[in-house]
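Below is one structure, written out as C-alpha cells; the observations come after it.
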Amino acid sequence: MKRLLILMLILSQSGLFAQQLERHNKVLKLMGSRFEITAIHEDSQVAWDAINAGIAEIQRIERLISSWDPNSQTSEVIRQAGMAPVQVDQELFDLIKRAIQISKITDGAFDISYASMDRIWKFDGSMKEMPDAETVALAASRIDYHKIILNEAERTVLLKDKGMKIGFGAIGKGYAAQKAKEVMSSLGIKNGVVNASGDLIAWGHDERGQVFEVGIADPKNIQQVLSWLQVENTSVVTSGDYERYVMFDNKRYAHIIDPRTGYPTTGIKSVTIITANPELADALSTSVFVLGVDQGLELVNQLPGVECLIITDQDQIKTSQNLTLNNKS
Ligand code: AMP
Ligand code: MG
C-alpha cells in the first residue's frame, strides 16, 4: 500500500495525471497591424474565450483612440482643434495625460501632436521627392504638447491651435497589448503572449514550463536572430519598421518624426525597449529614435527597470548599462 502511494505521488508530480498545457493562438489584423495572441491553457475553451475577449478589448480601444475612424472621440478632438474643448472618456483622457508625461521626460522628443505632419511624409514608397521646407516648417509649428489642454474637472481635451492633430501611433499598440493581457489574465490565462507587430508582452511560461524567448533580428540579415532575450513577465517592444522609411540623397529617413524639425529621424535602424509595461516600452522606443543614441541611452540608463538595445544605421549595436546579450543563435 505504501509503495503504491509513493508511486502515485511520483506520477502526479511528473504531470501524467495533470492535463497537458496547450498553446492556442490567433493571428489577425487589428489597429492596422498584425497581432498574434497566444493563450496557454489545458482547457481549449478557456483559452479561446480569453483570446476572443482580448481581441474584443483591442477593437474597443481602437474605436476610442483611432484618428482614422471619423467616429472616434480622438477624431472629434481633432475636428474641434482651435475651437472647443471636447469631453472624452476617462480612459482616453488618462492615455493623453500619460502621453504628455512621456513628452515631459523626453523633453518633447515624444509628442502625440506630431500628427499635424501626417499628410506630409509618406513611408509607403509613394514619395519621390522631399516636401518643400516651408510646408514642413508650417506643419512642424503646430507640434507642441504644451498646447494640448486638459481639464480634469470637465474631462475635456482642447487642441489650442487650428490645424493641430494628435495620433497614438507610437503608444496605442503598447496600451492595447497591456489591456488585452489584463483581460486574458482575468479569464484565467496565467501564461500567454500578446504580440502587436513587435510590441510584445509575455507572462508566465510556455507550454513546456519554459521561459519565453524573443529573437532580436540581425540588421544585416533580418531572417537571422542576432540575440535571444528571455522574457519573463515583461514586455519587449521594437520601433523601426524595416519596411517603412524613405531614402533621399542616400540618407535613410525613418517613419518617426523629430518634433523639433518636422523631419523624419536619421541615424537609427531600430530601438528595442525591455520593461514591464508595454505602453511605456512603446512610447520610449519611439522617443529613443528621436533622441538619438547618446541622449536616448542616457535617458534609459536613468529609468529603473528599463533596458534598451539600439541598432544604428551603420549596423552597430548599442545597449543600456544592464542589458546582457545572449548570442547563442
Ligand atoms: P513606433 O513604431 O511605436 O515607433 O511608432 C511610430 C509611429 O508613431 C509613427 O508611425 C507615427 O504614427 C507616430 N510618431 C511619429 N513620430 C512621433 C513622435 N515624435 N512622437 C510620437 N509619435 C510619433
Ligand atoms: Mg513606439
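The values are calculated or read from the model by the stated rules, or taken from the named source; none is laboratory data. Note that the structure is a prediction, hence the values are computed from the model and not measured. Neighbour counts are summed over all protein chains in view; Cβ atoms, including those assigned to glycine, are modelled from backbone coordinates with ideal geometry. These area figures cover heavy atoms from the full protein model, side chains too; ligands, DNA and RNA do not enter into them. Shrake-Rupley method; radii C 1.70, N 1.55, O 1.52, S 1.80 Å.
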Exercise. Taking the alpha-carbon centroid of each part, what is the distance from the range 126-176 to the range 187-262 in angstrom?
Worked result: 25 Å
Problem set entry | Percent of C-alpha pairs per 5 Å bin, the range 184-277, short to long | 3, 12, 18, 20, 16, 12, 9, 6, 4, 1, 0
For this session: Between Lys162 and Gln316, take the C-beta separation as r, use R0 = 45 Å, and let me know the FRET efficiency to the nearest 0.05.
Result: 0.55
Problem set entry | Globularity index of the range 73-159, i.e. its alpha-carbon radius of gyration over 2.2 N^0.38 Å | 1.22
For this session: Using the Karplus curve 6.51 cos²θ - 1.76 cosθ + 1.60 with θ = phi - 60°, work out ³J(HN,Hα) for each residue of the range 255-271 in order, rounded to whole Hz, and write x for Gly and Pro.
Result: 7, 10, 9, 7, x, 6, 10, x, 9, x, 6, 10, x, 10, 8, 7, 10
Seminar exercise, completed: Number of Lys pairs in the range 175-329 closer than 29 Å at Cα, excluding neighbours under 8 places apart unless interchain, is 14
For this session: Over the range 73-159, calculate the relative contact order: mean separation of alpha carbon pairs under 8 Å at least 6 apart, over the residue count, as a percent.
Result: 45 percent
For this session: Only residues of the range 256-294 count here: report those whose backbone N is under 14 Å from the spot 7 Å along Cα→Cβ of Arg98, or say none.
Result: 275-285
Exercise. Counting only heavy atoms of protein chains, what accessible area per residue, in Å², does the range 73-159 have with a probe of 1.4 Å?
Worked result: 50 Å²
Seminar exercise, completed: For Glu152 and Leu323, extending 7 Å from Cα along the Cα-Cβ vector and measuring point to point gives, in nm, a value of 3.5 nm
Problem set entry | Choice from Lys104, Lys128, Lys269 with maximal GNM fluctuation in the chain (Cα, 10 Å cutoff) | Lys128
Exercise. In terms of solvent-accessible area of protein heavy atoms at a 1.4 angstrom probe, what is the ranking of Ser227, Ser197, highest value first?
Worked result: Ser197, Ser227
Seminar exercise, completed: re the chain: pairs of Cα atoms spaced beyond 26 Å account for a percent value of 52 percent
